[in-house]
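K.L.:
Got a structure for you, written out below as structure tokens; questions coming shortly.
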Amino acid sequence: MASPAQHGSTSATALSNRIWTVPNVLSALRCLGVPLFLYWTLVTEQDGRAILLLMAAGVSDYLDGKIARTYGQFTRLGQLLDPLADRLYILATLLALVARDGLPLWWALGLISRDLFLGLFFFPLRRKGYGPPPVHFLGKAATFNLLYAFPMLLAALPDRDDLLSTVFRPLGWAFATWGSTLYWYAGILYAVQCVGLLRDRPVRDRPVPTPEGPSPA
């Protein structure tokens, strides 16, 4: 579920402690779909079903943010679930593509290393009293590009030479290139922001502010 800061709202839309909201349910369902996606891509190789599931995950990612904005259903749980679901799908799809020779290993490691790099800031921020950072639009834009790229790359695996793969292969690589670039760019801006916060005085129970820079998505 998207947070208020994701959409440029710095006015203090409060995060509630509610659990059972529509955006939270959508994010949880996205997380539950990850094992099924891996089963279809790595065990049974039912790529059509896996692609449809991946597309459904992308649609639900948009819907939970839309519903949260429309009805003000911003929650602390959603602030954690939404980026978790995004990362799980990115990791699962990278694993499937590398295993099926649809993506170079070095490319996948480059995306994974971005999240590992940002993870280095988690405990220092917690020690200073900062909570988990909200999702920002730039990181979400990177995620959307990757979620557009992955179904196309799955449909255009190297062992396929039909019309669909011929059309999707260049489009998939274009989205993957742009999404990966944005993914790292958002990560670098977030790291700069975190360094600035760590130089600030300690606070307690305060979320990372994001009026200008993005946080990971």
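K.L.:
Can you name every residue in the range 88-138 that is more than 18 Å from residue 155 (Cβ to Cβ) and among the hydroxyl-bearing types (Ser, Thr, Tyr)?
P.N.:
Those that are more than 18 Å from residue 155 (Cβ to Cβ) and among the hydroxyl-bearing types (Ser, Thr, Tyr): 113, 130.
K.L.:
Name the residue that is farthest from residue 22 (Cα to Cα), counting only residues in the range 64-93 that are more than 14 Å from the chain's Cα centre (by Cα) and either part of a helix (DSSP H, G or I) or at pLDDT 90 or above (or both).
P.N.:
Step one: of the range 64-93, the residues more than 14 Å from the chain's Cα centre (by Cα) are 66-77.
Retained after the next criterion (residues that are either part of a helix (DSSP H, G or I) or at pLDDT 90 or above (or both)): 66-71, 76-77.
Details: 66: 11, 67: 8, 68: 8, 69: 12, 70: 12, 71: 10, 76: 14, 77: 12 Å.
It comes out as 76.
K.L.:
Turning to a different aspect of this structure: Counting just the residues of the range 180-196 that are of a type in the set (S, T, N, Q) and modelled with pLDDT of 90 or more, which one comes out surrounded by the fewest Cβ atoms within 10 Å (Cβ to Cβ)?
P.N.:
Filtering the range 180-196 for residues that are of a type in the set (S, T, N, Q) and modelled with pLDDT of 90 or more, the one surrounded by the fewest Cβ atoms within 10 Å (Cβ to Cβ) comes out as 181.
K.L.:
Additional query: Looking only at the range 99-107, decide whether some residue is buried (at least 18 other Cβ atoms within 10 Å of the Cβ) and either outside any loop (DSSP other than H, G, I, E, B) or of a type in the set (Lys, Arg) (or both).
P.N.:
no
K.L.:
Restricting attention to the range 153-179, which residues are of a type in the set (Gly, Ala, Ser) and crowded, with 19+ Cβ neighbours inside 10 Å?
P.N.:
155, 156, 172, 176, 179, listed by residue number.
This table checks each residue for (1) assigned to a loop (DSSP other than H, G, I, E, B); (2) loosely packed, with under 13 Cβ neighbours inside 10 Å; (3) among the aliphatic types (A, V, I, L, M); (4) modelled with pLDDT under 90.
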position	(1), (2), (3), (4)
6	no, no, no, yes
10	yes, yes, no, yes
14	yes, yes, yes, yes
26	no, no, yes, no
32	no, yes, yes, no
35	no, yes, no, no
38	no, no, yes, no
49	no, no, no, no
52	no, no, yes, no
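The values are calculated or read from the model by the stated rules, or taken from the named source; none is laboratory data. Values in this document were obtained by computation on a predicted structure and should not be read as measured data. Backbone-built Cβ (ideal geometry, glycine too); neighbour counts: all protein chains shown.
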